[in-house]
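Nothing in this text is a laboratory measurement; each read-out follows from the coordinates by a stated rule. No experiment lies behind these values; they were computed from the predicted model shown. Cβ coordinates were reconstructed from backbone atoms using ideal geometry, including for glycine residues, and neighbour counts include every protein chain displayed.
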Amino acid sequence: MTSQEHKQVVIAGGGIGGLAAAVACAQQGVPVQLLERAPQLSEEGAGIQLGPNVTRILQAWGLGTALSQMAAFPGQLQARDAQTGQALGTLTLGARAQALYGAPYATLHRADLQSLLHDAALAAGVQVLLGQKVLGWRETADGVEVSTADDASVKADALIGADGVWSALRQQLLGDAPARFTGHLAYRALVAQADLPAHLRSNQVTVWMGPRLHVVHYPVRGGQWLNLVAIVHGDKPDQDQDWDQVGHTEALMQAMGAVGRDLHERLASVPAWRQWALHDREPLNGAKQMAQGRVALLGDAAHPMRPYLAQGAGMAIEDAQVLAQCLAHGAGSVSARLQTYAEQRWARNARVQARAIRNGRIFHATGPVAWGRNLSMRLLGERLMDVPWLYAGGAPIGR
Ligand SMILES: Cc1cc2nc3c(=O)[nH]c(=O)nc-3n(C[C@H](O)[C@H](O)[C@H](O)COP(=O)(O)OP(=O)(O)OC[C@H]3O[C@@H](n4cnc5c(N)ncnc54)[C@H](O)[C@@H]3O)c2cc1C
């Protein structure tokens with residue numbers, strides 16, 4: 001679209017993906033209306049890791065200073081054996097990530113990231129409407145007509161479905177089956193570091209790997225809080241879409257089985273857990289799964305993934321950057337620009353989805369496979385743990 005043709009884009013969903021798309025599009029001069037079904041924006045009380053491929057984009061959006069004030073920047077990622085406590089390998093982050101990839105590796109509170117993006121969206125002129133559940137759309141001769149639960153209809157040139165893993169817009173666009181239960185449950189907690197004994201405080205990312213389990217913890221809010229995520233295998237909960245429930249420490253400990261003293265002490269130091277049932281989809285197999293006509297999907301609506309590469313929100317933010325560039329500076333009709341977006345994004349998203357599944361198998365390995373994993377990590381360390389194609393690649397910055 002040339003500047004005089006900048007058209008209205010409606011985004012359904014005000015999670016990290018929808019807000020990121022709103023910021024990116026509005027900053028490129030594309031008018032945006034964002035419809036969020038919840039009466040207020042609220043991210044879960046949990047942390048999030050952002051690789052250099054993602055912080056690079058936030059910096060390009062002018063959010064680098066604000067990010068540096070709210071995030072933590074861990075010096076290293078260390079892998080440890082959940083049963084013996086032994087250190088298996090270390091990936092240096094900090095200055096190394098900055099030097100190699102031109103941007104830092106950050107860990108932060110989700111609510112902080114959400115308010116960073118929300119403030120940036122408002123500053124860029126995005127109209128954020130809360131309590132607006134999008135039901136679907138119909139294509140008209142010159143655009144899309146988006147219908148909401150309170151019988152309103154909004155006209156736009158393009159509709160972006162950023163409505164998460166249970167996306168209603170995906171359902172209308174692709175008509176495929178709901179996301180699948182992975183067989184994995186995530187227990188999450190945030191603990192004030194000041195409440196922990198000194199030997200349990202930590203300013204690095206640590207991944208504990210054990211049979212049918214792994215645990216990750218890292219600092220957030222400048223290191224004042226420690227975010228913990230414990231993943232175990234378990235049964236599909238009765239209400240699998242209700243994915244935020246009270247998690248009981250005894251149930252977690254039972255599902256973990258025998259873990260070493262170090263890890264046990266850390267998990268026992270957590271006063272309260274929340275529990276999520278993890279869902280994903282098969283990796284994308286083509287651009288058609290991300291855009292058709294005047295409607296495109298973004299973030300978890302398009303490519304829900306296991307969190308074992310810590311890149312679900314990262315891919316949503318990359319999607320947002322590419323979407324905005326295609327809409328603002330691409331060639332041809334709105335549909336053609338959305339198609340270009342999908343073509344530029346689907347294969348990378350599919351690769352990250354597949355790698356996340358593979359990581360889960362490696363993290364949770366048992367017997368000889370676990371033995372081989374530990375040996376390779378000890379021998380290869382950084383070479384095995386770094387992911388240059390991920391951290392150096394992604395959405396081109398510029399304009
Ligand atoms: C345990 C765990 C750890 C993770 N760790 C990381 C990590 O370290 N790094 C990382 O990058 N990613 C991580 N992820 C993944 C990341 O959380 C998700 O990929 C990301 O939050 C998806 O954002 P989204 O905006 O696409 O979807 P969501 O966050 O689900 O947002 C969707 C929004 O749409 C709204 N909505 C839904 N339906 C409608 C409708 N019909 N109309 C209007 N609004 C609607 C919802 O209310 C919601 O606000 C993790 C995930 C889990 C489960």
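Overview of results
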quantity	calculated
Computed lengthening from TRP371 to ASN285, 0.36 nm per intervening residue step minus Cα-Cα distance	27.6 nm
Sequence-distant residues sharing a close amide H with GLY14 (under 5 Å, placed H)	ARG37
GLN69 paired with ARG261, simple spin-label distance in nm, labels 7 Å along Cα-to-beta-carbon	4.5
Ranked list, fewest to most other Cβ atoms within 10 Å of each Cβ, for ILE397, ILE317, ILE362	ILE397, ILE362, ILE317
Angle between the chain longest axis and helix 110-123 axis [Cα atoms, degrees, rounded to 10]	20
Inter-site label distance for LEU196 and ALA141 at 7 Å from Cα along Cβ, in nm	6.3
Within the chain, percent of DSSP bridges classed antiparallel, to nearest 5	75
Within-15-Å neighbourhood charge of ARG351 [Cβ basis; K, R +1; D, E -1]	+1
The range 1-132, relative contact order [Cα under 8 Å, separation at least 6], %	36
Phi to ³J(HN,Hα) by Karplus 6.51 cos²θ - 1.76 cosθ + 1.60 over the range 8-18, Hz, x for Gly, Pro	6, 10, 9, 10, 9, x, x, x, 4, x, x
Ranked GLU43, GLU139, GLU36, criterion: other C-beta atoms within 10 Å, fewest first	GLU139, GLU43, GLU36
Cross-link partners of LYS133 among aspartates and glutamates (Cα-Cα below 18 Å; sequence separation of 8 or more within a chain)	GLU36, GLU43, GLU145, ASP150, ASP151, ASP163, ASP242, ASP300
Sequence-separation-based contact order of the chain, relative, with Cα cut under 8 Å and 6+ spacing, percent	23
